[in-house]
Every structure is written in C-alpha cells, then in structure tokens.
C-alpha cells in the first residue's frame, strides 16, 4: 500500500500553523484513503448519518454532537456521508507549543486519550457557537484575527477538557504532568530508547516513582507504554508504507530481524506477515 502523509504546510489556507474550515470543504487530500497526519486535528460534527472513521486502528461511527481528535502521527481514515457537516480545526505542533505552552501537557493528554467525545446539549451548544466564531475570525484576516483565533481555540480546548473531566468526575490532572512528560518523551525517543531507566533519568526521578505516575495516569507500566508505542508505530508503517519488514526493523532500531519478528509475535500472536495482511485487509 502506497504511503499517504497529509502535511498541513501545503494547504493554501495555512496561516501561522492553523487551518479552520467546514468539514464539507474541498480538501487537497483524499481523506477516504488511509493516511497519516503531521498535525493535530479536531473534527466537530454537528450531525451524523452513518459515516465512519478509523483512528489508530479503532473504529468510530460518526455521531451527532460529537468531537473526534486526531493527534499528530496517528493513522486516520475518514468515510463521511454527504449529509454530515461540522467544523475542521487543524494545527501544527508548533502552534500548540508556541501559543499554549503552560497547558501543552493537558492538551496532549486530551488528544492521546479521548479520540471520541459525544457531547451533551449544553456543551454542544457552547462549542457550536465557539466554532462558528472561530471560523469567522479565521476567514476575516483582520489585524487582530490571529489573536481571536488563538483565544477561541483556547476556549474550545478548555470546554473539551472540562467536559472530559466532568464526565470522569475528576479534577484537571496536574498530578499527571510527569506521566504526560514521559508520554511526550516516549513519542520522541521510542525508536532508540526502550529502557525505562533512560526516561526516568531524563525526568530526574526514580524508576519506581515513574511507574507509579504512569500507572495512575495511563493504567500501564512504563515498559508497557513504550512497547505499545513501538507496536503502534510498526502497525502504522505496515499500513501506510511499502517498506519491507527488514526495512522497518532497521528504521526502528531492532537488534536483528529475529528480535523484530519475536516482538510482533509476542505482542500480537501473529507473524509480521500475518499482521500486515490483517491490517491491510481491514483498511481496504
């Protein structure tokens, strides 16, 4: 299967790392084909009518009053129906880090752990209003438009964050900042760092404390989190690239082809070839 990668920077509407548009707009990409993002995306559907999508190999029916979040690097496949409409918000990693540095970890947790959010009426009405104001500000291009865009994005993310935490009946997880920093480091380094001690050293904490923090936040051990990230990247490369298993093994710094084969078999009960065949079959 030929590699598909969607890059925000080639979009003619791209402005300072963010693009706002109606979901029904004419996109330069074919979103009905499996692809990978190099940017974050929020899809806010006003209504659903039988469409569906896959986000990192998980199936989601498109529902009304629903938000779908696709993080940078994730695999995405969107098959929406013509009657389904809403707002698309796309923005780069740089836009997030430059404009929301103090809340960057919270927003990352939101994207990584909440791909689908079905909203109640009050939250839907508030986000519907905010998203319309956001789109208008983005299209206006006045002297203060960008500042308006940043402020509306901030309000939208806050609304979503509060909705999630209210649904979970938990407080904003400032206590999870270490675990979220760990998650960010893993996404950056899992290709060459597989040892939990390496991450604990970078974060300047003990491996035991890291295990407690990661377990509380993600329900996994740090080793499991690293291995899951590695397996997910293998699946992504198998689906969207025409790389051989040998090439993937080399790209992800496995000691040998045999260690790559063992890793896949131990975590999926399939051979690498069986896993690739199964993934391509479900993404036809």
Some residue of the stretch 176-197 being farther than 25 Å from residue 38 by Cα and without any contact (Cβ under 8 Å) to a residue 24 or more places away in the chain: yes
All helices (runs of 4 or more DSSP H) inside the stretch 210-284 with 3 or more residues being closer than 21 Å to residue 55 by Cα: 222-240, 257-268, 272-282
Among (1) at pLDDT 90 or above; (2) surrounded by fewer than 16 Cβ atoms within 10 Å (Cβ to Cβ); (3) outside any helix (DSSP H, G or I) - the single one residue 171 does not satisfy: (1)
Index of the failed condition, residue 277 passing every other in (1) surrounded by 14 or more Cβ atoms within 10 Å (Cβ to Cβ); (2) within 27 Å of residue 78 (Cβ to Cβ): (1)
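If I ask for residues that are at pLDDT 90 or above and either crowded, with 19+ Cβ neighbours inside 10 Å or within 15 Å of the chain's Cα centre (by Cα) (or both), which ones from the stretch 91-123 would you list? Spell out the reasoning first.
Start the filter on the stretch 91-123 by keeping residues that are at pLDDT 90 or above, which leaves 116-123.
Result: 116, 117, 119, 123.
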Members of the stretch 49-62 found to be modelled with pLDDT of 90 or more and more than 16 Å from residue 24 (Cα to Cα), listed by number: 59, 60, 61
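Taking the stretch 63-76 as the search range and keeping residues that are over 17 Å from the mean Cα position of the chain (by Cα) and under 16 Å from residue 22 (Cα atoms), which one is surrounded by the fewest Cβ atoms within 10 Å (Cβ to Cβ)? Give the derivation first.
Going residue by residue through the stretch 63-76, those that are over 17 Å from the mean Cα position of the chain (by Cα) are 63-65.
With the extra rule that they be under 16 Å from residue 22 (Cα atoms), the set shrinks to 64-65.
Details: 64: 14, 65: 20.
Among them, the one singled out is 64.
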Some residue of the stretch 176-195 being farther than 21 Å from residue 250 by Cβ, out of contact with any strand residue (DSSP E or B) (no Cβ under 7 Å at 6 or more places or on another chain) and modelled with pLDDT of 95 or more: no
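The values are calculated or read from the model by the stated rules, or taken from the named source; none is laboratory data. Values in this document were obtained by computation on a predicted structure and should not be read as measured data. In this analysis, Cβ positions are derived from the backbone assuming ideal geometry, glycine residues included, and neighbour counts consider all displayed protein chains.
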